[in-house]
Amino acid sequence: MLYPPEQRVLDAALRQAESLTGDPNHTVAAAAMDLTGRIFTAVNDYHFTGGPCAELVVLGLAASGGAAPLTTMVAVGDGGRGVIAPCGRCRQVLLDQQPGCNVIVPTSKGPDLVSIRHLLPFTYWFPDANPERFIRFNPRYFDDVVAGRKTATTRFDDPCAVGPAWLVFEFDDEYKRLGGVVDLIDTKRFDEITDADAQLENGNVADDLRNGLRGHYPGIRDDSIVDVVHFHLAPSPT
């Protein structure tokens, strides 16, 4: 299932693919959206010496345009081939440079969204990579975060890092983002969540938070490991 922001990215890639004229050097289009909602499109540049895939071209185009961190990417083949999954090289580059990016991939039920981390398990991590970080939020939390009623978020299989990070709220028609800082990450079992953890998220007791997490993460279990991410607002990441 694609939400409206991701569907806009896919639509942009499909339009770019439709513009291809049959030149065998340009057969795949890619599109990516950044935290501001801007969409960048590009095509591959095949050459027998190793011309870049469309995903890599769009990474360079986004960088040249001063893009914020990328939230979503997709590649589409020409001739009506539809969505195609990125190759191994593109997966590694995306993971190193855009670790928060989700990728639209083909499935038996149609295009779906997958974290780049899940496309490249047991990966090598480039030690000198230092990309900007961001944390996704449901838009219903925007007012609570702004008002300081929500100062933590509990994550399952969604790693965060201490330090500056954008707090991104994915409204259907736009992204809203706030500058933030992750102060502390408290890792614990799901069944060890406390009333105090729930209260940081504008709840009352631990079961309030646990029930919400069960709805968001259907596969979560009592022994699952979660991260309680403590944050505060700041003017912007540095």
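A few remarks follow.
- Ordering of 93-100, 5-12, 118-125 by packing is 93-100, 5-12, 118-125, highest average first (other Cβ atoms within 10 Å, averaged per residue).
- Lys/Arg +1, Asp/Glu -1 at C-beta; the chain dipole; positive extreme among Y124, A42, V114: A42
- Here the 3J(HN,Hα) profile of region 38-55, calculated from phi with Karplus coefficients 6.51, -1.76 and 1.60 at θ = phi - 60°, is 6, 10, 10, 10, 7, 10, 6, 9, 5, 7, 5, 7, x, x, x, 5, 4, 4 Hz, Gly and Pro shown as x.
- Derived scalar couplings ³J(HN,Hα) [region 218-231; Karplus, 6.51 cos²θ - 1.76 cosθ + 1.60; whole Hz; x for Gly, Pro]: x, x, 6, 10, 4, 8, 5, 8, 10, 10, 8, 9, 8, 9
- Spacing of the modelled spin labels on S115 and D158, each 7 Å from Cα toward Cβ, amounts to 0.9 nm.
- When the helices of the chain are scored as -39500 (n - 2.57) per DSSP H run of n ≥ 4 and the total is divided over every residue, the value at 222 nm lands at -7500 deg cm²/dmol.
- Residue-wise HN-Hα coupling along region 146-157, computed from phi with Karplus coefficients 6.51, -1.76, 1.60 (Hz; x: Gly, Pro): 4, 7, x, 7, 10, 10, 8, 9, 9, 10, 10, 6
- Ligands, DNA and RNA left out, the 1.4 Å accessible surface of the chain is 52% carbon and sulfur atoms.
- In nm, spacing of pseudo-spin labels at K176 and N25 (7 Å Cα→C-beta vector): 4.7
- Over all projection directions, the Cα-based convex hull of region 123-237 averages an area of 8.1 nm².
- Of the Cα atoms belonging to region 66-137, the radius of gyration and Dmax stand at 13.0, 39 Å.
- Taking Cβ atoms as reference points and 14 Å as the exclusive limit, the residues near A234 contribute a net charge of 0, counting Lys and Arg as +1 and Asp and Glu as -1.
- 5 angstrom amide H check on F171, placed H, neighbours 5+ away: K176
- Positive-end residue, the chain charge dipole about Cα centroid, Cβ charges, pick of I225, V28, W166: V28
- For region 213-236 and region 54-131, distance of Cα centres in Å: 24
- Kirkwood Rh (inverse of mean 1/r, distinct Cα pairs), the chain, angstrom: 19.0
- Counting all C-alpha pairs of region 143-207, share separated by more than 14 Å (%): 65
The values are calculated or read from the model by the stated rules, or taken from the named source; none is laboratory data. Because the structure is predicted, anything quoted here is derived from the model rather than measured. Methodologically, a virtual Cβ is constructed for each residue, glycine included, from the backbone with ideal geometry; neighbour enumeration extends over all protein chains shown. Only protein heavy atoms, including side chains, enter the accessible area calculation; ligands, DNA and RNA are left aside. Shrake-Rupley method; radii C 1.70, N 1.55, O 1.52, S 1.80 Å.
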